[in-house]
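Note sheet for the following structure.
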Amino acid sequence: MENGAVYNETTEPQAKPPHRPCGCTLRHLWGWRLPIKALQVILSLLAVICEEIVQDCIECGGLYFFEFASCSAFLLSLLILCAYCTDIYETSGEDKVQRV
């Protein structure tokens, strides 16, 4: 008896997961959470834009702090939205995403 005859394929090939464009999914942000996160990104971007409109200032310390805070809020909220709406959530694990 040849080895090829003894060891035939006995399992079916593994099914491929359904194809999603760019790995996007809304499974983890459903209900009211998705509009709130999207609004958070939009408002923080609007704050960055409004800060950039200011041409002259007398005391610029507060403006610079607002620029830092609004830009940080925009980048972090965009990161969180991307983490929850892509395959990063399943790839890295729920505990790591929650820590971020």
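The values are calculated or read from the model by the stated rules, or taken from the named source; none is laboratory data. Remember, it's a predicted structure, so these values are computed and weren't measured experimentally. Backbone-built Cβ (ideal geometry, glycine too); neighbour counts: all protein chains shown. Only protein heavy atoms, including side chains, enter the accessible area calculation; ligands, DNA and RNA are left aside. Shrake-Rupley method; radii C 1.70, N 1.55, O 1.52, S 1.80 Å.
Data table
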{"item": "Residue, farthest from TYR89 (Cα to Cα), within the range 37-70, restricted to residues that are among the aliphatic types (A, V, I, L, M), at pLDDT below 90 and in contact with a Leu (Cβ under 9 Å, 6 or more places away or on another chain)", "result": "VAL54"}
{"item": "Residues within the range 78-92 that are open to solvent by 40 Å² or more (accessible area, probe 1.4 Å) and part of a helix (DSSP H, G or I), tallied", "result": "8"}
{"item": "In the range 37-92, the residues that are acidic (Asp, Glu) and within 22 Å of the chain's Cα centre (by Cα)", "result": "ASP87, GLU90"}
